[in-house]
Each structure stands twice: as structure tokens, then as C-alpha cells.
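See below for the structure under consideration.
The numbers here are math on the coordinates, done by the rules we state, and not lab data. The model shown is predicted, which means the values in this text are computed figures rather than measured ones. For neighbour counting, all protein chains shown are included, and Cβ atoms are generated from backbone atoms with ideal geometry for every residue, glycine included.
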Amino acid sequence: MIKVLKLQKALLSIILGVIALVVYIIMSEKKMHDSKYVLEASGLLLMLGGLLFLYPILFSRKDKEGCIELDPEVPIEERAEVEN
């Protein structure tokens, strides 16, 4: 199981980035000068969301068979019981 909390933060960051992008489009149509700062914030939020989506891949570990464990906190015995 992938770390749910990190993916929720990533999804929230991307949603906020898209909302900021929509705000930028609205502000740029009304020719407001501060719209470039909203665009910068949108870009930062989108990049942060992308990096947070990579978190489970970067910090996963391999077990004895070479398979990747996406939730290294769960002991192998418990995982075997859940699968059976």
C-alpha cells in the first residue's frame, strides 16, 4: 500500500495549482498586473505536487524476491496473512 498521506498532499497541491491557474487566466483577461505572481504560485504548486507523487517510488524498498514494497512499515508476516 502506498503512503496515502503523501499522495493526498500531492493531489491537494495539484488541485490548488489548477485553481491558481484558472485565477491567473481570469486576472490576465482583466489586465491585472499582479496576475504573474498567481501564475508563479500555480507553477510552484504543480511542481510540488509532481514531486510528492514521486515520493512512494523514491522511498520504496525491495524484499528478498526483488519485488518492491510500497509500504515498508507493514511486516511481511502480516502481509502474507492478508493475502491468504
Quiz item: Using a basic spin-label model with each label point 7 Å from the Cα along Cα→Cβ, how many nm lie between residue 34 and residue 57?
Solution: 3.7 nm
Self-check item: Exposure proxy ranking, count of Cβ atoms within 10 Å, fewest first, for 30, 36, 9
Solution: 30, 36, 9
